[in-house]
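The structure appears below as structure tokens.
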Amino acid sequence: MDRYDLVVIGGGPAGMAAALKAKECGVKKIVVLERAQTLGGILEQCIHAGFGLHYFGEELTGPEYAARFISLIEKTDIEVKTDTMALNISEDKTVTAVNTKDGLLEIRAKAIVLAMGCRERPRGALSIAGTRPSGIMTAGQAQAFVNITGYMTGKTVVILGSGDIGLIMARRMTLEGAKVKMVCELMPYSGGLTRNIVQCLDDFDIPLRLNCTVVETHGKERLEGVTIQYVDQNMKPIPGTREYVQCDTLLLSVGLIPENELSKDIGIELDAVTGGPKVDQTRQTEREGVFACGNVLQVHDLVDYVTEESMIAGRSAADYILGKSSRDAEFIETITGEGVRYIVPQRINIKSDEDIKLYFRVGAIYTNARVIVTIDNKEVYNKRKVKLAPGEMENVKITTDMMKEMNKDSKLEIRIKI
Amino acid sequence: MNKKMVCVACPIGCPLEVEVNEKGEAISITGNTCKRGETYARSEITNPTRSLTTTVKLLGGKNPVVPVKSTSPFPKGRMLEAMKVINKTQLKAPVHIGEVAVKNILDTGIDIVVTNNDTGR
Ligand code: SF4
């Protein structure tokens with residue numbers, strides 16, 4: 001049995017930032033467990049630009065953003081175990097992991113940071129009729145093929161789902177000479193960032209078909225085409241709108257799911273909407289000494305926010321290990337009002353002596369709507385927003401002054417008013 | 001004339017409105033929440049540019065390709081032309097972030113540089 005102060009599970013942007021922050025706060029023995037060959041996580045295949053504008057004040061590509069953190073880690077005595085798969089976490093915070101060098105590892109930790117990230121919703125989770133030829137894969141798999149192994153996955157492409165990875169891949173495949181015929185989106189709006197619609201689709205005249213889905217796949221060994229169909233408000237296919245589209249590749253970009261198998265093992269309750277653990281503002285889960293950050297907690301659209309969130313988790317883990325966590329605690333749950341899908345953190349300690357940022361997502365597209373925060377039905381925040389969209393995470397600040405007005409029965413709600 | 005566009009200079013994507021005169025110059029720009037938005041709108045009206053990112057072949061590396069980017073935003077209309085040049089390029093490991101893969105591509109004054117480290121096999 002090895003003993004560490006802190007075990008960080010996952011060496012992507014979340015795990016790296018949490019480990020670095022914990023180190024900076026004085027934690028001695030830290031180990032990061034990473035399943036892949038190198039640190040960096042998903043950033044390694046995100047070769048496009050757009051990372052780091054908030055955090056570094058300059059625009060970087062994914063690998064560059066990751067490399068900055070990797071080199072910071074290399075300058076510390078944080079231990080990194082790559083090619084290492086965490087298998088289980090037990091009640092007493094013992095992490096079981098396996099790799100080819102150490103064999104089976106048992107690591108006893110004072111605190112754990114969960115930073116396993118998320119995975120793509122696979123095709124199995126979607127019911128598409130038809131044959132099962134090759135040429136159907138998630139957008140992220142295609143991204144890894146093209147950007148890491150240099151292998152082009154097809155010549156004519158249809159993309160189902162307009163999440164950011166799908167949009168980014170529409171441009172990527174086009175640049176590499178493929179013909180991207182269209183992006184079909186079941187919803188009446190895109191789930192991706194507007195900037196990606198502009199620079200990945202509009203720039204290359206790739207049509208985005210809203211309220212439209214793939215209902216059938218064709219082909220024996222290799223995909224030969226798909227049948228698409230429009231849907232009504234109730235997501236029911238509209239008769240007479242079927243259309244055959246020739247393609248040899250179908251990319252699925254239909255959402256991301258936080259990877260919480262390990263969290264479930266130790267009985268951490270998950271938020272039904274985010275798919276991640278429920279946490280307080282320190283990013284501590286309902287298990288004392290177990291923290292979560294990054295895409296395992298909620299799927300982010302900007303890595304900069306992942307870094308920000310993970311530094312909170314890293315600092316909180318350090319406070320916990322060094323016995324500095326505030327003992328004065330009174331928790332209330334944050335309430336999602338009209339138009340708000342979820343809020344992270346799900347509960348806050350109102351005895352906090354620091355302002356708290358609440359992150360949330362809306363459930364539909366709004367223009368010129370107001371974001372309103374109430375405490376016991378009294379408005380404490382009211383701001384007009386030109387645009388609110390499900391694909392873009394918003395935040396509001398709860399100040400210590402606001403918290404002074406609250407008690408354990410207070411109701412803190414965020415809602416959207418048209 | 002008023003033109004509507006979305007600023008793509010950062011992931012926030014502010015909706016911009018640009019007033020353009022007969023000469024095709026931007027007279028006023030609204031909707032941006034930072035200075036970069038203004039610069040973006042001006043260039044979008046005269047010479048639209050985008051950052052260009054792709055990969056080049058790598059010999060002897062851990063991976064068979066390494067990612068690259070343009071050192072500054074690249075003329076939008078010439079991207080596919082640039083891709084032809086980049087796809088003919090080959091580098092040898094080890095390579096490091098910032099190393100030039102293609103100098104002054106298509107005489108634009110813009111370089112294509114490596115964006116990841118690969119120390120080789
Ligand atoms: S105006 Fe500034 S903040 Fe808004 S999208 Fe452009 S760069 Fe980003």
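The table below lists the values:
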read-out: Whole-percent carbon and sulfur share, accessible surface of region A:1-111, 1.4 Å; value: 49 percent
read-out: Value of relative contact order over chain A, rounded to a whole percent, pairs C-alpha under 8 Å and six or more apart; value: 15 percent
read-out: Cα pair distances exceeding 12 angstrom across region B:53-114, given as percent; value: 63 percent
read-out: Lysine pairs with alpha-carbon atoms under 20 Å apart, region A:334-417, spacing 8 or more or separate chains; value: 28
read-out: Tilt relative to chain A, helix A:13-24 - C-alpha long axis, 0 to 90 degrees, to 10; value: 20 degrees
read-out: Cα convex hull of region B:2-46, projected area averaged across orientations, nm²; value: 2.6 nm²
read-out: Cα gyration tensor shape of region A:114-264, rounded if a/c is under 1.5, else prolate or oblate by comparing a/b with b/c; value: rounded
read-out: Summed buried accessible area for A+B [probe radius 1.4 Å, Å², rounded to 100]; value: 2500 Å²
read-out: Helix A:303-321 axis, angle to chain A major axis (alpha carbon atoms, nearest 10°); value: 30 degrees
read-out: Residues A:Glu58 and A:Lys387, FRET efficiency given R0 of 30 Å [Cβ-Cβ distance, rounded to 0.05]; value: 0.75
read-out: Within 10 Å of each Cβ in A:227-240, the average number of Cβ atoms from other chains; value: 0
read-out: Heavy-atom SASA rank of A:Glu309, A:Glu338 (probe 1.4 Å, accessible area, largest first); value: A:Glu338, A:Glu309
read-out: Accessible-area composition of region B:2-46, carbon plus sulfur, in percent [1.4 Å probe]; value: 52 percent
read-out: Residue with peak Gaussian network fluctuation, chain A [Cα springs, cutoff 10 Å], from A:Ser316, A:Ser190, A:Ser90; value: A:Ser90
read-out: Accessible carbon and sulfur surface of region A:243-363 relative to its total accessible area, %, 1.4 Å; value: 44 percent
read-out: Under 15 Å, Cα to Cα: Lys pairs in region B:53-114, sequence gap 8 or more or different chains; value: 10
read-out: Distance between modelled label sites at A:Lys75 and B:Asp107, nm, 7 Å Cα→Cβ extension; value: 4.3 nm
read-out: Accessible area of B:His96 in the full protein assembly, 1.4 Å probe (Å², nearest 10); value: 80 Å²
read-out: Test item: B:108-121 mean partner chain Cβ contacts at 10 Å; value: 2
read-out: Region A:279-418: relative contact order as a whole-number percent, Cα under 8 Å and 6+ apart; value: 25 percent
read-out: Sequence of A:Glu176, A:Glu64 when ordered by accessible area, the most exposed leading, probe 1.4 angstrom; value: A:Glu176, A:Glu64
read-out: Translational diffusion of the protein assembly as shown, µm² s⁻¹ [Kirkwood Rh, Cα pairs; Stokes-Einstein; 10 °C; 1.306 mPa s]; value: 64 µm²/s
read-out: Spatial extent of region A:334-417: Rg and Dmax, with the Cα atoms as the point set, Å; value: 12.3, 35
read-out: Student exercise, chain A dipole from Lys, Arg, Asp, Glu Cβ charges, in Debye to nearest 20; value: 500 debye
read-out: Partner chain coverage, peptide A:172-183 - average Cβ within 10 angstrom; value: 2
read-out: Per residue, in Å², the accessible surface of the protein assembly as shown once ligands and nucleic acids are set aside, probe 1.4 Å; value: 45 Å²
read-out: Candidate residues A:Leu20, A:Leu412, A:Leu72: accessible-area rank, largest first, probe 1.4 Å; value: A:Leu72, A:Leu20, A:Leu412
read-out: B:Glu99 versus A:Asn99: modelled label distance in nm, points set 7 Å from Cα along the beta carbon direction; value: 2.5 nm
read-out: Alpha-carbon Rg with Dmax, taken over region B:1-95, Å; value: 17.8, 55
read-out: Cα long-axis angle, helix A:164-175 against chain A (0 to 90 degrees, to the nearest 10); value: 50 degrees
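The values are calculated or read from the model by the stated rules, or taken from the named source; none is laboratory data. These figures come from a predicted structure and were not determined experimentally. Virtual Cβ from ideal backbone geometry, glycine too; neighbours counted across all protein chains shown. Accessible surface is based on the protein model in full, side chains and every heavy atom, while ligands, DNA and RNA are left aside. Shrake-Rupley method; radii C 1.70, N 1.55, O 1.52, S 1.80 Å.
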